[in-house]
1. Positive end of the charge dipole of the chain (Lys, Arg +1 and Asp, Glu -1 on Cβ, about the Cα centre): tell me which of 547, 503, 66 has its Cα farthest that way.
2. Considering only 141, 110, 166, whose Cα is most displaced toward the positive end of the charge dipole of region 8-232, charges sitting on Cβ of Lys, Arg (+1) and Asp, Glu (-1)?
3. How high is the FRET efficiency from residue 309 to residue 564, r the C-beta distance, R0 22 Å, rounded to 0.05?
4. Can you sort 192, 99 by how many other beta carbons sit within 10 Å, fewest first?
5. Once you list every other residue whose beta carbon is under 14 Å from the beta carbon of residue 188, what net charge do they have if Lys and Arg are +1 and Asp and Glu are -1?
6. So, in nm, how far is label residue 291 from label residue 524 when the simple model puts each one 7 Å beyond its Cα toward the Cβ?
7. Please compute the length gained on full extension between residue 66 and residue 155, using 0.36 nm multiplied by the number of residues separating them and subtracting their Cα-Cα distance.
8. Direction-averaged shadow area of the convex hull around the Cα atoms of region 265-403, nm²?
Amino acid sequence: MTCNPDRPLRALFGVAGLAMVGAALAWTQPARADAADARVAIAQALGQFERGHWTAARDRAQAATAADPDWGFAQAVLACTHLALGEGAAAEGAIDRAIRGGFDAARAHQLRAHARLLQGDTSGAIAEADRAAPRYRGYAVRVKAQALAAQGDVAAALPLFDRVLAERPGDAGAWSALGRVRMTAGDMAGAIDAAAMAVRADPASPDALELRAETVRAQYGLVAALPWFEAALRRDPRHHDTLIEYAATLGDAGRNVAMLTAVRRAMAVRPESAQGYYLQAVLAARAGDMATARSVLQRAGDRLSGVPAALLLSASIDLNEGAHAQAAATLRTLVARQPTNVTARKLLALALLRGDAARDALAFILPAAQRDDADSYTLTLTARALERIGDRAGAATMLDRAASAARGRSTAFAPDAAIGELAARARTTPGDPAVAVPYIRALLTTGDLAQATRAAQIVADANPGAPAAQLVLGDTLAAGGRFAAAATAYARAATTRFDEPTMLRLVDARNRAGQRREARATLSLFLGQNPNNVTALRLAGQWQLAAGDSAAAVDTLETLRTMVSDRDAALLADLSAAYAMAGQSGPAVDYAAAAYALAPANPLVVDAYSRALVRAGNAGAALPLAVKAVRLAPGHAGIRLHLAEITRG
């Protein structure tokens, strides 16, 4: 994402001044034809910029500087357009050329501060902002606030934003900058409000519209955000970063054709875009063309080396190609950086198991398997690791859990730091969710539920707009069995961030509180906005099965199968059950057999195969499978019941 454009041209000239400057430049009669061309191009750039066509404005400013490279004013305008588009290095180069061409250096400190900020030089940004002339103080103070926030000092940044906005309440750039700072700090309610104010202040600002799209995406979901991205692109159809965000949102919503179109538009603007290459690789991987995905991803070079999603994709491709050691090396790096990334842990454990490093695999997968909400694949993977090291009793326990349809509550990972260290941090900055939440989770891990609940209530009351604070309160209430109260806390979190973890907690708490209609409505609402969410589709299919709605379950699970391929044994087992319930014994047996071929040691799969054969009238073939299922999961009452039904005839 770009940093917030701050309407630097308005900061230099004022709103009315821009029109006057453009008109004056357009009618200037210079001595040279190239200078005349430059002035016409700059007048066009100013007009394009004010209409929100920032990329076009940059192009016209570049045309002006190409016609008259020594014109300092044109270089300054070009710098402003680069800043609006988040191009810090290019902006600083244009600033230097502007000053060499006679532009007053005293008018450029706030511009250079912004350019330094965009390049990650926060100290340099603050130093330049402090040197800005009084007439540009609002712009400079805003850049300084952004730099302080980027350094982690949000507490010092927020009063500076308050000062700027008290003086200039219609400054869309300041509202946008504040919104991004609040979003980064976890204050989603504040970010949502700031984004709305930014759009109100300047409906032509692509950055304000894009920020609004991002906050709507977090608050409501993918589908609701699309019109806001489209509004931003109507203002600046060639804005690279907006096109990238729009493409990613389309892809997550399952609109792959539209995603490809948006990616191509972004690549036309910036042919070597690393983000564009990544999204093209994602599309190829989704289509099962791993060779193309690898080729496209490699074209980005090292520019994606620090992007977690790109690392995950690269490792997935390596696993698909049998490069287990290479995949494991990449995933070790990712898990070290993101220890709560369950998907990365599962892939790493799989890579290590395939490389005969079972003990290492167990070390990475066990924290995920020990969670109450561990999925059957995680549990089965853990069982395989335990079997490899000779712990058959532990493997059997994991397989029993994998065979059970019941899952525990969805919660966050406990922090790795010692509780004493976390407590000290919490005392130093009371009420800060970033500090308090890890401490509260550590208290839950140690079993101090009372203290955890007290601390969670304090931080939730102090931060009503921070989803993390509401979620941790819900977690403590749920841990104490107060599911209705937990659902209320989760619902507050969902008003500002309705993502998968929030949805899962809210659905689970409402279901356990007896609010089943509300739980179903929550899941349905989430799927309406995130129709390709694998976790939500799987949960919906399982609920439809449990409710006996076989037709809906078949539709949902078939949709899911097209997304995750035919190598998910648990999904195939669920499909077998859905078809069997619908009276379609042929597909039921076929899917069960396919699941069994993939996971013959998974008791849930073995049991599904046995039941499908019974429904098809082949009890003789079903019996040994039912016996095997019981042997694999002797503590599972449902599997024992199925065996008893077969033996009774």
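1. Highest projection toward the positive end goes to 547.
2. With unit charges placed on the Cβ atoms, the residue in question is 166.
3. Values: r = 18 Å, r/R0 = 0.80.
Efficiency, from the Cβ-Cβ distance: 0.80.
4. Details: 192 24, 99 17.
Fewest-to-most Cβ neighbours within 10 Å comes out as 99, 192.
5. Values: positive: 180, 182, 212, 217, 492, 497; negative: 187, 193, 214, 499.
So the surrounding residues net to +2.
6. If labels sit at residue 291 and residue 524, their model points lie 4.6 nm apart.
7. Working: separation 89, 0.36 × 89 = 32.04 nm, distance 4.40 nm.
Residue separation times 0.36 nm, minus the Cα-Cα distance, leaves 27.6 nm.
8. Working: hull surface 35.7 nm².
Seen from a random direction, the Cα hull of region 265-403 projects 8.9 nm² on average.
Laboratory data are not the source of any read-out in this text; all were calculated from the coordinates shown. Because the structure is a prediction, the values reported are computed rather than measured. Glycine gets a Cβ as well: all are built from the backbone with ideal geometry, and neighbour counts include every protein chain shown.
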